[in-house]
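Visitor: Quick one: this structure, given as structure tokens, is what I'll be asking you about.
The values are calculated or read from the model by the stated rules, or taken from the named source; none is laboratory data. The structure presented is a predicted model; accordingly, all values stated were derived computationally and were not measured. Positions of Cβ are generated from backbone atoms using ideal geometry, with glycine treated the same way; all protein chains shown enter the neighbour counts.
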Amino acid sequence: MASGFKASAGKTPPKVASESEAPQPASEAIKIIIADSQAIYRVGTKKIFALEDDIRVVAQAESLGQLLAAAQKFPNDVILFEAAITTNPQEGVSELMKRVPSAKVIVLTPEADEDDTVEYFRRGVRGLINRSISPDLLVKCVRKVASGETWIDNQGVNWVIEAYRQQAAALMSPRPKTRLSDKELLIISCVTQGMRNKEIAHEIGTTEQVVKNYLRKVYDKLGVSDRLELALYCIHHRLLQGAGKGQIPTPEGSTSTPEWSEEPVPNQ
């Protein structure tokens, strides 16, 4: 049983189906967008919410393109996002959060395993529910998420907590010394100073694609997945002690700048 936990081009998109013609309840009503690939579920879900005085459906969408347009056009408090609305729902969530950072997204999925559950919450969703959820729990979920809480079942809570516990342990525990090239250390030094790939390329005299390729190698070697984890790894392991902008640390404490003579091959 689910429970609420405090938390954390191409074609022109089809016309978004607006619900503006519906009677408008009190101004404090929860405004929700229903995004579902199946019309029968959109109709059924809308009928469930129509019975509630404090929930108003402001738009419906049957594709990711429609949803992105609706989320930017219609002010909303909650977005009900069916996973099957796109072939890659996790990337779809990321794109939605990129365009509407304040969105409170509830993902509706037939089934979510441990990896999917953790990844959805990493990407910013506020709730994860099964397609078979009862109407009363669906309404309760929407209210909880709209109020700023996170909706996740007990198993999901355990998965998310364990994932972050493992991430913290991996970043803080001693690891076998990883051999990094001078070029990799130089790029890491620039990353930890908040420089973007384009700025790094300009600073060290190479191309942005070279920087991206080296970063992929560094992530694989150190077992990190993004720039934040890389920065934390460097702090805990004092990887760049003594290095400055555009410089790399050496055993003697001096610095040097390598020559960029060729582009690396990704995943080599």
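Visitor: For the stretch 101-137, which positions are touching a strand residue (DSSP E or B) at 6+ places or on another chain (Cβ under 8 Å) and more than 22 Å from TRP159 (Cα to Cα)?
Guide: ALA103
Visitor: Sort through SER132, SER94, SER102 and tell me the only one that's within 21 Å of GLN38 (Cβ to Cβ), out of contact with any His (no Cβ under 6 Å at 6 or more places or on another chain) and in the same structural domain as PHE49 (by TED's automatic domain parsing).
Guide: That would be SER132, the only listed residue that is within 21 Å of GLN38 (Cβ to Cβ), out of contact with any His (no Cβ under 6 Å at 6 or more places or on another chain) and in the same structural domain as PHE49 (by TED's automatic domain parsing).
Visitor: Taking the condition surrounded by fewer than 20 Cβ atoms within 10 Å (Cβ to Cβ), in contact with a helix residue (DSSP H, G or I) (Cβ under 9 Å, 6 or more places away or on another chain) and aromatic (Phe, Trp, Tyr), does TYR219 pass?
Guide: Yes, satisfied.
Visitor: If you don't mind, there's one more thing I want to ask. Please specify each residue of the stretch 133-147 satisfying the condition of being assigned to a helix (DSSP H, G or I) and out of contact with any Gly (no Cβ under 6 Å at 6 or more places or on another chain).
Guide: Once the filter is applied, which keeps residues that are assigned to a helix (DSSP H, G or I) and out of contact with any Gly (no Cβ under 6 Å at 6 or more places or on another chain), the stretch 133-147 yields PRO135, ASP136, LEU137, LEU138, VAL139, LYS140, VAL142, ARG143, ALA146.
Visitor: Kindly indicate whether any position in the stretch 182-191 is of a type in the set (S, T, N, Q) and assigned by TED's automatic domain parsing to the domain that holds ASN213.
Guide: Yes - at least one qualifying residue is present in the stretch 182-191.
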